[in-house]
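Working notes, structure below.
The values are calculated or read from the model by the stated rules, or taken from the named source; none is laboratory data. Not measured: the values here are computed from a predicted model. Virtual Cβ from ideal backbone geometry, glycine too; neighbours counted across all protein chains shown.
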Amino acid sequence: MVEKIAEKAAVEDEVLRCRECGSTELYRDYERAEVVCNRCGLVVDEGLVDEGPEWRAFNTEQSEKRSRTGAPMTYLIHDMGLSTTIDWRNKDSAGREIPSKQRAQLYRMRKWQQRIRVSNAKERNLTIALTELNKIASKLDLPKNVREAAAVIYRKAVEKGLIRGRSIDGVVAACLYIACRRYSVPRTLEEIAEGSMIDRKEIGRIYRYLLRELGINLSPTTPLDYIPRFCSSLKLSRKVQMKAMDILNKAMNLQLTSGRGPTGVSAAAIYIASVLAGERRTQQEISEVAGVTEVTIRNRYKEIAEKLEIEVTI
């Protein structure tokens, strides 16, 4: 038995490289149960075992329905998603309606299961906070990695006792803003405030407090971070986007963006690029997307155009 295991291990080591030409470009053909060298065609190994599932899925819905494993661990649920959840729908595993005689029993089980999942004040706090986090993130259309990062930051703040004396919603909004900055997802403090219905000054105050207490270092945002998003919202072409980024790079080299709001500068660069590329967007349209006033765009684009000697035909 030991000799067979050793022989199998030796074969697996050899599979990494072709014995004939030494190539590592190998193809696993599960239909023929063979490992074939792409360069010389040598069958390096046979009797290959397919370790994948025995079922096939052609879309996400089929994959979720046929998979027999649970959901992955996530920081977006207070118990990391490791506990059992009794679904609110009164249906069994086959999708059939549960008889009315058993519904009362299922209702009691669901109620007690929800009570057991939240057993102390910390878990209650996390339940409320993470629900609010998901709600704000959905409004702002934030990706899952940003949500996970914000949940981790909030958990660290709870562990260090930084939540006491502060509103849960305000701390959640600050954690989302930190996560957006960390992953270079352009969201302004005004957008976070609008999505969370919390005062901008309060979020900024909690944001600075969390950075200091948790020892988080963030690089400052640049106008370049906002160009792709604003251009996409304005339905501008790739040509305009690249032109706006080129204008911004030149402006940053001349330090024309120092002391200026990144959204206003990026909006001005997009306005100049759209005019030069023949895909003109009005200052009003750009101001609505960028969240700055038309006066700000006008002042910034005049400064950039003058210093870079760009002629903008109005």
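Structural remarks
- Residues located in the range 192-233, provided they are basic (K, R) and either within 22 Å of the chain's Cα centre (by Cα) or over 17 Å from A150 (Cβ atoms) (or both): R200, K201, R205, R212, R229
- Any hit, the range 262-272, residues being on the phi < 0 side of the Ramachandran plot, modelled with pLDDT under 90 and of a type in the set (A, V, I, L, M, F, W, C): no
To keep it simple, each residue is scored yes or no on (1) in a loop (DSSP other than H, G, I, E, B); (2) modelled with pLDDT under 75; (3) surrounded by 12 or more Cβ atoms within 10 Å (Cβ to Cβ).
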residue: C18; (1), (2), (3): yes, no, yes
residue: R39; (1), (2), (3): yes, no, yes
residue: M73; (1), (2), (3): yes, no, no
residue: G81; (1), (2), (3): yes, yes, yes
residue: T84; (1), (2), (3): yes, yes, no
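- Every residue from the range 166-221 that is closer than 21 Å to D141 by Cβ, surrounded by fewer than 19 Cβ atoms within 10 Å (Cβ to Cβ) and of a type in the set (F, W, Y): Y183
- In the set (1) assigned to a loop (DSSP other than H, G, I, E, B); (2) within 31 Å of the chain's Cα centre (by Cα); (3) over 30 Å from G195 (Cα atoms); (4) of a type in the set (A, V, I, L, M), the condition left unmet by I310 is number (2).
- In the set (1) more than 30 Å from Y154 (Cα to Cα); (2) assigned by TED's automatic domain parsing to the domain that holds I153, R208 fails one condition alone, (1).
- Taking the listed residues S232, S258, the one that is surrounded by fewer than 15 Cβ atoms within 10 Å (Cβ to Cβ), outside any helix (DSSP H, G or I) and of a type in the set (G, A, S) is S258, with no other qualifying.
- Enumeration of residues in the range 127-158 that are β-branched (V, I, T) and farther than 17 Å from P186 by Cα: T127, I128, T131, V152, I153, V158
- Qualifying residue in the range 210-223 (condition: on the phi < 0 side of the Ramachandran plot and touching a Gly at 6+ places or on another chain (Cβ under 9 Å)): yes
- Among the residues of the range 286-304, the one identified as hydroxyl-bearing (S, T, Y) and touching a Phe, Trp or Tyr at 6+ places or on another chain (Cβ under 8 Å) is Y301.
- There is at least one residue in the range 141-154 that is over 16 Å from the mean Cα position of the chain (by Cα) and either surrounded by 18 or more Cβ atoms within 10 Å (Cβ to Cβ) or modelled with pLDDT of 90 or more (or both).
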